Amino acid sequence: MIIRQGFKFRLDASPGQDARLRVLVGHARFVWNQALARCNDAYQAENQRVPRYEIMAKWITAWKREPETEWLKEAYTDNLQQKLKDLDAAWQRCFDPKLQAQRPRFKKKGRDRDSIRFVNFAKYCQLDGRRVKLPSKLGWIKFRQSRPIVGTIKNCTVSWEAGHWHISFQTEREVSAPVHPKPASWIGIDLGIVRFATLSDGTFTAPLDSFKQHQQALAKAQQQMSRKVKFSSNWYKAKARVQRLQRRIANVRRDYLHKTSTRISQNHAMVVIEDLQVTNMSASAKGTLDTPGRNVRQKSGLNRSILDQGWFEFRRQLEYKAGWAGGEVLAVPAHHTSQTCPACAHVSRDNRLSQAQFACTDCGYQNNADVVGALNILARGIKTCAKGGTSPGSPVSA
Ligand SMILES: [Zn+2]
């Protein structure tokens, strides 16, 4: 099978390269907006049909000949073509009945993420240690490589985000269908806030302390920004600070999720998780005075939407990494996983002594409540597989 992966780093452009990159992303943005305007006209006039890429690509040649837009000759044609391919793809997502994406919109300098893609890397670009050579008068640019790049680089994207240039290398590599090194190892995972992930073997990963610190710093920075006169130079400074913090939080979280999902998918062939829905999670997090939601402990001043995203991103990572390792991820219904006794199957709200402690009122079994949750999730996974008769290996009970 072919594995495609992206590797993103900070780019250290010289002042000259910075200026050239600004021109190139400007050209790309211009072409996107011009082509989109024409597509919008066609959409109105031709009963919601828009030109496909093959037609749009010819517009570039025409624009280069027209006196008002002949400065486009300075542009790097590959970048422009890729922009139009992106626009074509955006329209197709919009017309796809399953996706029903929003219509593509105009790109505004400063508001939207600016980016350009360099294709045919082997032919037009070059990599030498922590330097990359890009075409169109850019030359060698240093980047801050924080992890090895695996696979053959097919193309790369340069983007301007949160006040810095970044480069993302898209790679491909062929691997034979993997066989998981530990086929008999099954694990259940309970997701929470006090403990981000509790495993049915009793281990857990704590959430990041620094995450909370960053969150507080962000709240403070956002408050400071709101006090400045909009569009004043101090407001822009405050805004840059907010964006820097948001970026740092995103990086820290991504790193944390990657480390956790890698470790779990490499150590366990079958990973059983709760099939959580965003709406369910929010509802259960709120709870009421009489029946506190099972995630009520989570309202620790942390941004809920960030946590929701964290859980979904975690599941996404687990799924593709399990695929790479030859393992599998199974999602099971989540009801009563925190109130069921793993020893005697007795279900009662009273089994839950406190948020952290579980003690069965029937048989006396005791354990950490999150571990109990993970054990029940694992048991449900095993049951599901036994029913379906698709057990990939014999499970080892935790
Ligand atoms: Zn019991």
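Among the residues of the range 211-219, are any of a type in the set (A, V, I, L, M, F, W, C) and either in the same structural domain as TRP91 (by TED's automatic domain parsing) or more than 22 Å from the chain's Cα centre (by Cα) (or both)?
Looking only at the range 211-219, we keep the residues that are of a type in the set (A, V, I, L, M, F, W, C), and these are 211, 217-219.
Narrowing the set further to residues that are either in the same structural domain as TRP91 (by TED's automatic domain parsing) or more than 22 Å from the chain's Cα centre (by Cα) (or both) leaves 217, 219.
Yes: the range 211-219 contains one or more residues that are of a type in the set (A, V, I, L, M, F, W, C) and either in the same structural domain as TRP91 (by TED's automatic domain parsing) or more than 22 Å from the chain's Cα centre (by Cα) (or both).
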**Report entry** Total residues in the range 334-363, condition part of a loop (DSSP other than H, G, I, E, B), open to solvent by 70 Å² or more (accessible area, probe 1.4 Å) and either more than 16 Å from the ligand (Cβ to nearest atom) or charged (D, E, K, R) (or both)
**Finding:** 2
Query raised in the report: If you go through the range 347-366 one residue at a time, do you hit one that is acidic (Asp, Glu) and at pLDDT 90 or above?
Result: yes
Requested in this report: Spot the failing condition for ILE55; the list is (1) in a helix (DSSP H, G or I); (2) open to solvent by less than 70 Å² (accessible area, probe 1.4 Å); (3) out of contact with any Leu (no Cβ under 6 Å at 6 or more places or on another chain), and only one is missed.
Outcome: (2)
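Kindly establish whether ALA37 is open to solvent by less than 50 Å² (accessible area, probe 1.4 Å) and more than 28 Å from PHE143 (Cα to Cα). Outline the logic, then answer.
Numbers: open to solvent by less than 50 Å² (accessible area, probe 1.4 Å): yes; more than 28 Å from PHE143 (Cα to Cα): yes.
Judged against the criteria, ALA37 is a match.
Could you say whether any residue in the range 289-297 is open to solvent by less than 30 Å² (accessible area, probe 1.4 Å) and either at pLDDT 85 or above or in a helix (DSSP H, G or I) (or both)?
First, the residues of the range 289-297 that are open to solvent by less than 30 Å² (accessible area, probe 1.4 Å): 293, 295.
Still in the list and also either at pLDDT 85 or above or in a helix (DSSP H, G or I) (or both): none.
No, every residue in the range 289-297 fails to be open to solvent by less than 30 Å² (accessible area, probe 1.4 Å) and either at pLDDT 85 or above or in a helix (DSSP H, G or I) (or both).
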Report summary line: Of the residues in the range 174-230, those that are assigned to a strand (DSSP E or B) and either more than 22 Å from LEU330 (Cα to Cα) or open to solvent by less than 60 Å² (accessible area, probe 1.4 Å) (or both) come to GLU174, TRP186, ILE187, GLY188, ILE189, ASP190, LEU191, ALA197, THR198, LEU199, THR205
Query raised in the report: So which of GLU319, GLU328 is more than 16 Å from the ligand (Cβ to nearest atom), surrounded by 20 or more Cβ atoms within 10 Å (Cβ to Cβ), over 15 Å from SER200 (Cβ atoms) and at pLDDT 90 or above?
Result: GLU328
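Return the total of residues in the range 71-105 being part of a loop (DSSP other than H, G, I, E, B) and under 20 Å from LEU21 (Cα atoms). Write out each step before concluding.
The first filter runs over the range 71-105 and keeps only residues part of a loop (DSSP other than H, G, I, E, B), leaving 75-76, 96-105.
Cutting the leftovers down to under 20 Å from LEU21 (Cα atoms) gives us 75-76.
Residues in the range 71-105 being part of a loop (DSSP other than H, G, I, E, B) and under 20 Å from LEU21 (Cα atoms): 2 in total.
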Requested in this report: Could you please give the count of residues in the range 3-38 that are small (Gly, Ala, Ser) and assigned to a strand (DSSP E or B)?
Outcome: 1
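Do any strands (runs of 3 or more DSSP E) entirely within the range 106-152 hold 3 or more residues that are within 25 Å of ALA162 (Cβ to Cβ), and if so, which?
Details: elements: 114-118, 126-128, 131-134, 139-144.
Those strands (runs of 3 or more DSSP E) span 114-118, 131-134, 139-144.
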**Report entry** Any pair with Cβ under 8 angstrom, 6 or more apart, that starts in the range 256-273 at a residue that is touching a residue at least 40 places away in the same chain (Cβ under 8 Å) and ends at one that is charged (D, E, K, R) and in a loop (DSSP other than H, G, I, E, B)
**Finding:** ASN267/LYS182; HIS268/LYS182; ALA269/LYS182
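Please enumerate the residues belonging to the range 372-383 that are among the aliphatic types (A, V, I, L, M) and more than 14 Å from the ligand (Cβ to nearest atom).
ALA374, ILE377, LEU378, ILE382, listed by residue number.
The values are calculated or read from the model by the stated rules, or taken from the named source; none is laboratory data. Please read all numbers here as calculations on a predicted model, not as lab measurements. Counting neighbours? That spans all protein chains shown, and the Cβs are built from the backbone with ideal geometry, glycine included. These accessible areas exclude ligands, DNA and RNA; they are computed on the full protein's heavy atoms, side chains included. Shrake-Rupley method; radii C 1.70, N 1.55, O 1.52, S 1.80 Å.
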